[in-house]
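Since the structure comes first, as structure tokens, the remarks are kept for the end.
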Amino acid sequence: MELTSREIATGIVFVAFVLLWLALSKNRKELLRSLLEVAKAFAAWRVWTVVLAYLIFVAAVVVLAHSLGAWSGELLKDTLIIGFLVGLPILLNSAKFKHGLGVVKHVVKEVLGVAALLVVYLNLSPFPLWGELILQVSLLLFVMLAIVGKRDTRTASVGKLFEVLTVLIGIGLIAYVTVRVVTRFNEFDWEREVTTFALSVLLPVSLIPFIYLFGLIASCEAALVRGKFHNDREALPLPARLAFLLGVRGSLRYATSFTGRWLPELAKQRSFRDATRTMREYRQSVRSNARQNRQRRRRLRKQAGRSGVDENGLWLDRREFYETKEALEGLFYTQMGLYRHRGSRYWTDPIVIFPLGGFKNLPEDHGIDFSVRDDGLAWVAWRHTVGAFYLGVGGTQYLEAHWRYAGTKPPSNYPGPALPGWADVSEGSEASPEWHADDAPIPDA
């Protein structure tokens with residue numbers, strides 16, 4: 001179970017980073033207390049039950065593979081790395097999966113995505129230990145500087161520079177490995193490399209049933225716990241719980257979508273028959289809403305690339321309208337809160353205004369432009385959608401006004417009465433037809 005120089009360097013860099021973090025922390029006691037709380041959370045019996053079941057499942061898969069001649073002790077190191085660094089994170093994030101297809105897509109992306117395949121390829125020929133340490137520290141530093149730099153318009157060019165440097169290092173690594181593979185092809189143990197790659201794919205894929213089952217159990221438990229809030233903090237009646245568990249029919253989609261009006265509806269049922277009827281109506285609602293969402297997606301695809309307006313005067317290509325509106329409205333309320341509590345001036349720092357993890361339904365490079373007037377009493381933000389339409393929001397010192405922008409060109413001014421494209425929707429919901437139009441997807445249930 002010999003570690004490669006890359007794996008050793010990764011361990012050294014990780015330990016050094018943690019120690020440096022502790023050494024430079026201004027409040028070590030508070031940091032250690034936070035780490036202790038995290039450790040306590042992971043020490044909970046529910047977590048360890050899941051982890052133990054997962055390890056037993058992985059062991060069973062390995063034993064089965066060994067009995068079929070597809071696994072040997074030489075693969076122990078790779079099995080542990082894949083099991084803990086690939087499979088376990090997927091399992092612990094299983095609560096975010098909404099349906100079985102989502103589980104399959106996520107696992108396949110993790111093991112067969114471009115990034116995953118690139119890592120496998122680059123691992124064919126690592127540098128000596130000293131070279132790996134220099135490489136990994138440099139990459140870590142460049143990536144951090146690129147992320148931080150791109151978050152502020154004033155340092156965006158610096159962030160872009162480090163992003164380019166990171167890409168160049170990646171290209172250099174690919175070229176280096178390619179040269180090594182071509183010139184020393186016969187020196188590689190290709191049988192072992194192929195076996196290791198097969199293991200990195202098949203082991204996570206074999207976990208799909210376990211991840212699905214765990215997600216289903218967790219979602220059912222969460223729904224029943226939420227049901228207590230609609231039943232005077234008491235557990236739902238046994239007939240209702242039984243009807244729910246049978247009613248989801250082993251479907252992760254049915255289990256995760258059981259929210260909204262359905263929880264209080266189920267909570268008031270006292271007989272198994274009535275609760276079963278509620279679950280039947282719920283499943284019909286999920287299927288109906290899924291059908292409407294498919295129609296919505298088909299409509300967006302059909303209108304893609306078309307310019308102009310429809311018979312109602314609304315822009316035809318409405319791709320990204322919902323996602324853009326959602327992001328811009330979040331910015332509007334963020335700026336409103338900052339204006340109220342930060343000295344009656346709008347904030348100019350994108351690091352504060354834009355969400356740290358990016359906008360929920362927009363790409364990392366979201367394309368939202370942002371500007372604050374010199375006196376700090378007016379601001380505007382807008383985005384050019386993929387459908388070639390501009391949506392924007394803004395504010396002035398009159399916080400009662402809720403300004404929205406819609407047009408085929410970007411806003412040329414800060415919001416105000418009688419300015420092209422701007423509308424104060426606080427004066428009436430019809431004031432901005434493009435914003436008033438419902439572009440949101442249909443809820444699951």
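Rule-based calculations on the coordinates, nothing more; no lab input. Keep in mind the model is a prediction, meaning the values are calculated, not measured. Here the Cβ positions follow ideal geometry from the backbone for every residue, glycine too, while neighbour counts run over all protein chains shown.
Details
- For residue 238 and residue 191, the difference between the fully extended length at 0.36 nm per residue and the C-alpha to C-alpha distance is 11.3 nm.
- Counting other Cβ atoms within 10 Å as a rough exposure proxy, the listed residues 336, 279 run 336, 279 from fewest neighbours to most.
- Residue 362-residue 5 FRET efficiency (beta carbon distance; Förster radius 41 Å; 0.05 resolution): 0.55
- Shape call, segment 321-436: gyration tensor on alpha carbons, a/c limit 1.5: oblate
- Using the Cβ of residue 315 as centre and a radius below 11 Å, the other residues enclosed give a net charge of -1, where K and R count +1 and D and E count -1.
- A Cα-only calculation for the chain places Rg and Dmax at 27.0, 77 Å.
- Positive minus negative residues near residue 254 (Lys, Arg vs Asp, Glu; Cβ under 11 Å): +4
- Cα point-scatterer Debye curve for segment 1-82, base-10 log of I(q)/I(0) at q = 0.12 Å⁻¹: -0.63
- Other residues with beta-carbon under 13 Å from the beta-carbon of residue 407 carry, at +1 per Lys or Arg and -1 per Asp or Glu, a net charge of +2.
- At R0 = 45 Å, FRET efficiency that the Cβ-Cβ distance of residue 277 and residue 400 yields, to 0.05: 0.45
- Pairs of alpha carbons in segment 348-411 whose separation is greater than 13 Å (percent): 68 percent
- Cα gyration tensor shape for segment 5-209, rounded if a/c is under 1.5, else prolate or oblate: oblate
- Computed from the alpha carbon atoms alone, the convex hull of segment 82-133 holds 95 Å³ per residue.
- Expected 222 nm ellipticity per residue - DSSP helices of 4 or more, -39500 (n - 2.57), all of the chain, to 500: -19000 deg cm²/dmol
- Annotation for segment 278-314 versus segment 81-113: alpha-carbon center distance of 29 Å.
- DSSP H segments from the chain that extend 20 Å or more along their own axis, Cα-based, with Kyte-Doolittle mean of 1.6 or above: 5-24, 45-67, 129-150, 156-183
- Global geometry of segment 210-303, whether rounded, prolate or oblate, following the gyration tensor of its Cα atoms and the 1.5 cut on a/c: prolate
- FRET E, pair residue 231, residue 295, Förster distance 56 Å, beta-carbon r, rounded to 0.05: 0.95
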